[in-house]
1. Return the total of residues in segment 1-15 being open to solvent by less than 50 Å² (accessible area, probe 1.4 Å) and more than 20 Å from N52 (Cβ to Cβ).
2. Report every pair of residues separated by at least 6 positions or lying on different chains whose Cβ atoms are under 7 Å apart, first residue within segment 17-38 and under 21 Å from I49 (Cα atoms), second part of a helix (DSSP H, G or I).
3. Could you list, ordered by first residue, the pairs with Cβ atoms under 8 Å in which the first is in segment 48-61 and open to solvent by 80 Å² or more (accessible area, probe 1.4 Å) and the second is aliphatic (A, V, I, L, M) and not in a helix (DSSP H, G or I), at least 6 apart or interchain?
4. Looking only at segment 20-47, filter to residues that are open to solvent by less than 40 Å² (accessible area, probe 1.4 Å) and part of a strand (DSSP E or B); which one of those is modelled with the lowest pLDDT?
Amino acid sequence: GVGAARAGNLTFMVGGVEQEFDAAKELLTCMGSNVVYCGQVGTGQAAKICNNMLLAISMIGTAEAMNLGIRF
């Protein structure tokens, strides 16, 4: 989020050629505290999608539990 970006605490999940990742890692660490190499081109995006899906599932479960608790 914006707060993490301002604080330099972003996480970058990067896919691509490993030598190119190594060259860009120093720049990415200026913007984020976690820089993870995920493998081939597209794997960083796949990891981000999986992370977002897990967060969404968690938030839906929390909302449904709150809704059930309120109704009971």
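The values are calculated or read from the model by the stated rules, or taken from the named source; none is laboratory data. Predicted, not measured: the structure shown is a model, and the values here were computed from it. Because the Cβ atoms are built from the backbone with ideal geometry, glycine has one as well, and the counts that use them run over all protein chains shown. Areas reflect the complete protein model, heavy atoms only, side chains present, ligands, DNA and RNA absent. Shrake-Rupley method; radii C 1.70, N 1.55, O 1.52, S 1.80 Å.
1. Of the residues in segment 1-15, 1 are open to solvent by less than 50 Å² (accessible area, probe 1.4 Å) and more than 20 Å from N52 (Cβ to Cβ).
2. Note: pairs meeting the criteria are V35/K25; V35/L28; V35/T29; Y37/E18; Y37/F21; C38/G44; C38/A47.
3. Hits for this filter: K48/M13.
4. Only one residue tops the list, namely G32.
Results for (1) aliphatic (A, V, I, L, M); (2) in contact with a Lys or Arg (Cβ under 8 Å, 6 or more places away or on another chain); (3) more than 18 Å from L10 (Cβ to Cβ), shown as yes or no for each residue.
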site	(1), (2), (3)
D22	no, no, yes
T29	no, no, no
C38	no, no, no
V41	yes, no, yes
K48	no, no, no
A65	yes, no, yes
